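Written below as structure tokens is the structure these notes are about.
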Amino acid sequence: MLSVAVGLAVSVFFATPADEPSLSKELAGVWRLNSTSAKGAAPLKPDGPAWLVIFDNGEFVTKGTKGMWGGTVSVDTQASPATMDFLITLRTGSGPERFTNLGVYELKEGVLTVARAPDGKGRPASVAKGPDVVLQVYGKVR
């Protein structure tokens, strides 16, 4: 399974945003996590190696300090706020192998802010900190 995720990651680095049919050109590509906060806490910068997420053709793969996971991502730009839902189907480390994270997002001037529910919780109402929200801010790498 890990080879599938690595293969997806490699193929994304050679894809162009124009190859992206199911996500907007602005979302397609490689994003680096700049800060994260959970349960309303102050934002923290990630420690250790860079935490990256790659969006390509309705799929995503992410690698951070706690492992690697991937799956499909769907967005609804007509919703207010726009929604971003992750179906995790590949995961290294501990935890369930398959689960869904419901989220909302905002994209402004090359900064992607995602508010998502912890595993199994309902969708956040806004792109803001809260007691049942994981708020992540990404900058586009390419």
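Scanning the stretch 105-142 for residues that are in contact with a Gly (Cβ under 6 Å, 6 or more places away or on another chain), of a type in the set (K, R) and more than 15 Å from W51 (Cβ to Cβ) yields K129, R142. Please state which one of V104, V141, V114 is touching a Pro at 6+ places or on another chain (Cβ under 8 Å) and of a type in the set (A, V, I, L, M, F, W, C). None of the other options fit; the residue is V104. Counting the residues of the stretch 103-132 that are at pLDDT 90 or above, among the aliphatic types (A, V, I, L, M) and over 17 Å from L27 (Cα atoms) gives 1. State whether one or more residues within the stretch 69-82 are modelled with pLDDT under 85 and not hydroxyl-bearing (S, T, Y). Within the stretch 69-82 (the criterion being modelled with pLDDT under 85 and not hydroxyl-bearing (S, T, Y)), the answer is yes, since at least one residue qualifies.
Note on the stretch 31-44: residues that are closer than 14 Å to T113 by Cα and at pLDDT 70 or above amount to 8. Listed conditions (1) in contact with a Phe, Trp or Tyr (Cβ under 6 Å, 6 or more places away or on another chain); (2) assigned to a strand (DSSP E or B); (3) modelled with pLDDT of 85 or more are all met by L27, apart from (2).
The values are calculated or read from the model by the stated rules, or taken from the named source; none is laboratory data. Treat the numbers as computed from the prediction; the structure is a model and nothing was measured. Neighbour counts run over all protein chains shown; Cβ positions are idealised from the backbone, glycine included.
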